[in-house]
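Below: the structure, in structure tokens.
The values are calculated or read from the model by the stated rules, or taken from the named source; none is laboratory data. The model shown is predicted, which means the values in this text are computed figures rather than measured ones. Counting neighbours? That spans all protein chains shown, and the Cβs are built from the backbone with ideal geometry, glycine included.
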Amino acid sequence: MTMYEKAVAALPTKGYLNIEIPQGINLLEEINRLRKEKNAIILAHYYQTGDVQDIADFLGDSLQLARAAEKTDADMIVFCGVHFMAETAKILNPTKKVVLPDLLAGCSLADSASGEGIRELKKKHPNAIVVSYINCDSSVKAESDIIVTSSNAEHIINSLPEEQEIIFAPDRNLGRYINQVTNRNMILWDGACIVHEAFSLERIAQQMIDNPKAKLIAHPEAQKPVLQVANHIGSTANLLNYVVNDDCQEFIVATEEGILHEMRKRAPHKKLIPALTTDNSCNCSECHFMKLNTMEKLYLCMKYELPEITMDEDIRLKALKPINKMLELSQTIK
Ligand code: 13P
Ligand code: SF4
């Protein structure tokens, strides 16, 4: 076996092509060359590391990235995010090659639910429709009626008849928050984001005392006690816009720390304080799944066009329907 064949065989367990990169190579130049040569587009989520965000053609939250993936005419979509996001890109734009720098870039929320589990829950609530957060795999999407993201969940739930019974999967925190703001009683799947659940109310309260002028802003994937004391709650893109446009000069930010990179760029004079977590050793809320993508892996995946996202056509078509429904119902949302 050649070194390349060995690396390809190890891909499912390793997650990326473990091939040595020649010393002295300029990764930025090489990625730019490959992007042109292969007519590729690099899409990155705000939770990627700063260097990956900076090299992207398009940077966005889940909703913005899904739209960008759908409309691109590039031949290859290089998705710097997590697996369910790259999968969504493939569902929306199946003729394109979709690659993900590290196949093991997963998500605790997506891991918490399965298509089979949703089918079982549907049997118990035969009149309910299933609304799923985009943070789920294609088997869950295929069992769903509508997909939502944190940017459009409230808007979409509000557009449904009040008497409609709804199963909401897989994020219990987002579900509870949407229940509260839309005055619903959706049946909630018991999943959670390990990053947003790590915030410590006690330590955040101390941060608020130490920074009395700061506003606390939080993502709705955070737990109820944190949301209850937050001055503003919003999706990743919403929190970014809030920091840029609000008069306040100081913010305690209770979401994944990667977003601070773009916040600092767009609001360089404002003081941004990452909210503290229960983990004393780390303190900040990094999504280790998101951070599996590095510049080296990005380069390798563009060069060898691996790991590639593939999926069963039957599942893809079933998963496409609720995603299209979301895009149709959220045209007014930026
Ligand atoms: P949004 O990009 O929709 O805010 O989602 C946050 C998140 O946790 C992505 O994994
Ligand atoms: Fe999943 Fe949370 Fe990481 Fe987003 S931040 S990818 S929801 S684990």
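Looking at Leu216, is it assigned to a strand (DSSP E or B) and under 24 Å from Leu63 (Cα atoms)? Yes; evaluated as a whole, the condition is true for this residue. Going through region 46-55 one residue at a time, which ones are buried (at least 22 other Cβ atoms within 10 Å of the Cβ) and either outside any helix (DSSP H, G or I) or at pLDDT below 95 (or both)? If the condition is that a residue be buried (at least 22 other Cβ atoms within 10 Å of the Cβ) and either outside any helix (DSSP H, G or I) or at pLDDT below 95 (or both), then Tyr46, Tyr47, Gln48 are the ones that fit.
The rows are residues; the columns are (1) in a helix (DSSP H, G or I); (2) farther than 19 Å from Gln64 by Cα.
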{"position": "Leu240", "(1), (2)": "yes, no"}
{"position": "Cys248", "(1), (2)": "no, yes"}
{"position": "Phe251", "(1), (2)": "no, yes"}
{"position": "Glu262", "(1), (2)": "yes, no"}
{"position": "Leu272", "(1), (2)": "no, yes"}
{"position": "His288", "(1), (2)": "no, yes"}
{"position": "Lys334", "(1), (2)": "no, no"}
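Scanning region 284-327 for residues that are polar (S, T, N, Q) and either surrounded by 17 or more Cβ atoms within 10 Å (Cβ to Cβ) or over 21 Å from the mean Cα position of the chain (by Cα) (or both) turns up Ser285, Asn293, Thr294.
The residues of region 98-125 that are away from ligand 2 (no atom under 16 Å from the Cβ) and either at pLDDT below 95 or under 18 Å from Pro12 (Cβ atoms) (or both), listed by number, are Val98, Val99.
For region 180-191, residues that are surrounded by fewer than 19 Cβ atoms within 10 Å (Cβ to Cβ) and either at pLDDT below 95 or closer than 27 Å to Pro274 by Cα (or both) total 3. When the test is whether a residue is within 14 Å of ligand 2 (Cβ to nearest atom), under 27 Å from Ala105 (Cβ atoms) and among the polar types (S, T, N, Q), Asn135 passes it.
So which residues in region 237-259 are acidic (Asp, Glu) and within 16 Å of ligand 2 (Cβ to nearest atom)? Walk me through it before giving the result.
Restricting attention to region 237-259, the residues satisfying the condition of being acidic (Asp, Glu) are 246-247, 250, 256-257.
The answer is Glu256, Glu257.
A quick yes/no check of all residues on (1) farther than 26 Å from Lys318 by Cα; (2) at pLDDT 95 or above:
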{"position": "Leu28", "(1), (2)": "yes, yes"}
{"position": "Leu34", "(1), (2)": "yes, yes"}
{"position": "Ala44", "(1), (2)": "no, yes"}
{"position": "Phe58", "(1), (2)": "yes, yes"}
{"position": "Leu63", "(1), (2)": "no, no"}
{"position": "Glu70", "(1), (2)": "no, yes"}
{"position": "Val82", "(1), (2)": "no, yes"}
{"position": "Ala86", "(1), (2)": "no, yes"}
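This table checks each residue for (1) closer than 22 Å to Gln53 by Cβ; (2) free of Cβ contacts under 8 Å to residues at least 40 places away in the same chain.
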{"position": "Lys265", "(1), (2)": "yes, yes"}
{"position": "Pro268", "(1), (2)": "yes, yes"}
{"position": "Ile273", "(1), (2)": "yes, no"}
{"position": "Cys287", "(1), (2)": "yes, no"}
{"position": "Leu300", "(1), (2)": "yes, no"}
{"position": "Ile309", "(1), (2)": "yes, no"}
{"position": "Lys318", "(1), (2)": "no, no"}
{"position": "Leu327", "(1), (2)": "no, no"}
